[in-house]
Amino acid sequence: MTIETTPSAAATTDRIRAFGKVAVLLGGRAAEREISLKSGRAVLAALQRQGVDAHPLDPDATVLAQLRAGGYDRAFIVLHGRGGEDGQIQGALETMGLPYTGSGVLGSALGMDKYRCKLAWAGCGLPTAESVLLRGEADLPAAAALGFPLMIKPVHEGSSIGMARVETVDALEQAWRSASEFDDLVLAERWIQGAEYTCAILGREALPLIRLETPNAFYDFEAKYQANSTLYHCPCGLDATAESRLRQLSLDAFEAVGASGWGRVDLMLDGTGRPFLLEINTVPGMTDHSLVPMAARAAGIDFDALALRILDTSLSRG
Ligand SMILES: Nc1ncnc2c1ncn2[C@@H]1O[C@H](COP(=O)(O)OP(=O)(O)O)[C@@H](O)[C@H]1O
Ligand SMILES: [Mg+2]
């Protein structure tokens, strides 16, 4: 007696085989290393559960040699922050001809640079809060002239690292000094008072919005990773028309800076309901509790299916 494989099971097996040997790049040396390790392990487990020949690789200076020697067919990038999310590893992989997940060099680099990302948005008429780039102390008066409160943020960090809300000239100077420890470039941005949302992008599709609610002054490191008091609302509570408009805005913002494959767009609505784009993430968190998996679940895509859909994004780049 022969055991028949259903066509769909056979198709799934073919799809899994087509990925070949996959390196899950996780960890790295950026400030968000620990988060990346968590995300990477979750992705690795999901891929292995489904039969993908996936292996973890925590990159150091020998990463390209390891990828070549290991006979890998593609890379699943789960590196957050500088070095892994900013176009560097993407460019190296392009050079060696190894397909990888998510955004290419340009989208990754712009996504990692909060200042130039905002310039690109402003250039194509997409809404983002007014801001002043702080290259040095001499730029502080121009920032103060925007009016308080202001949000101070390092241009190339993530996870709310080095960020502060300031209400006075003195606090502005102090926050600029603290943020400067993380980055040569610091952004002073007009404070948006209102509700915060995030929009996950998968392929060419914007997934359901999540509304974030925290008792903290903003969605800071503690609210992101430690607090039990952060609330995530999905469905987000907006009416269908308003939500679909914001989903389209998020997709436009993502694609405007050359990002592709998958990611997340953070945005806020002020008291009058006007939207402001905050930033994009081209390698957002992928733990069980992360926002992209949460939005995917709301769209009927479980974590395992999501991991495969993201791995699919490496096929189209070739
Ligand atoms: N202009 C702003 N006004 C009010 N809150 C802000 C502003 N910019 C950022 N925030 C808050 O800070 C958090 C982190 O900012 P974001 O720009 O998303 O950087 P990252 O998440 O990369 O650290 C946001 O989720 C939001 O809560
Ligand atoms: Mg953010």
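Read-outs throughout are calculated quantities, based only on the coordinates presented, and are distinct from any laboratory measurement. Here the structure is a predicted model, which means the values were calculated and not measured. Here the Cβ positions follow ideal geometry from the backbone for every residue, glycine too, while neighbour counts run over all protein chains shown.
Secondary structure note: in the chain, about 75% of the DSSP beta bridges are antiparallel. One Cα centroid belongs to the stretch 28-44, the other to the stretch 184-247; the line between them spans 22 Å. Normalised radius of gyration (Cα atoms, divided by 2.2 N^0.38 Å) for the chain: 1.03. All C-alpha to C-alpha distances of the stretch 131-190, sorted into 5 Å bins beginning at zero, yield P(r) values of 4, 25, 37, 25, 9, 1 percent in whole numbers. Compactness of the stretch 49-122 was expressed as the Cα radius of gyration divided by 2.2 N^0.38 Å, which yields 1.22. Please label the shape of the stretch 258-318 as rounded, prolate or oblate, based on the square roots a ≥ b ≥ c of the eigenvalues of the alpha-carbon gyration tensor (a/c under 1.5 means rounded; beyond that, a/b larger than b/c means prolate, else oblate). Since a/c reaches 1.5 but b/c is at least a/b, the shape of the stretch 258-318 is classed as oblate. Here, the stretch 92-147 has an Rg and a Dmax of 16.2, 49 Å when only alpha carbons are counted.
Entry note, the chain: the mean residue ellipticity at 222 nm calculated from DSSP H runs of n ≥ 4, each adding -39500 (n - 2.57), is -11500 deg cm²/dmol after division by the residues and rounding to the nearest 500.
A full extension of the chain between Asp184 and Ala142 corresponds to an added length of 13.4 nm, given 0.36 nm per residue minus the alpha carbon distance.
Can you pull the semi-axes for the stretch 131-285, root of five times each eigenvalue of the Cα gyration tensor, sorted largest first, whole Å?
Calculated on Cα positions only, the semi-axes equal 27, 17, 15 Å.
Suppose R0 equals 35 Å; then what is the FRET efficiency for Glu130 and Ala305 from their Cβ-Cβ distance, rounded to the nearest 0.05?
Efficiency for this residue pair is about 0.30.
For the stretch 7-102, the Kirkwood estimate of hydrodynamic radius, built from reciprocal distances between every pair of different alpha carbons, is 13.6 Å.
Each Lys and Arg Cβ is given +1 and each Asp and Glu Cβ -1; about its Cα centre, the stretch 7-102 then shows a dipole of about 220 debye.
How high is the relative contact order of the stretch 93-218? Use alpha-carbon pairs under 8 Å, at least six apart in sequence, and give a whole percent. Rounded, it is 21 percent for the stretch 93-218.
Please compute the contact order of the chain in relative form: average sequence separation of alpha-carbon pairs under 8 Å and at least six residues apart, divided by the residue count, as a percent. Walk me through the intermediate numbers first.
Numbers: 645 pairs, mean separation 62.8, N = 318.
Contact order relative to length: 20 percent.
How many angstrom lie between the Cα centre of the stretch 145-178 and the Cα centre of the stretch 95-135? So the two Cα centres are separated by 20 Å.
Where the only charges are on Cβ atoms (+1 Lys, Arg; -1 Asp, Glu), what is the dipole of the chain about its Cα centre, to the nearest 20 debye?
With Lys and Arg at +1 and Asp and Glu at -1, about 720 debye.
By how many nm would the segment from His289 to Arg15 grow when fully extended, if each residue of separation counts as 0.36 nm and the alpha-carbon distance is taken off?
Once the chain is fully extended between His289 and Arg15, it gains 95.9 nm.
To the nearest 20 Debye, how big is the dipole of the stretch 41-199 about its Cα centre, given +1 on the beta carbon of each Lys and Arg and -1 on that of each Asp and Glu?
420 debye
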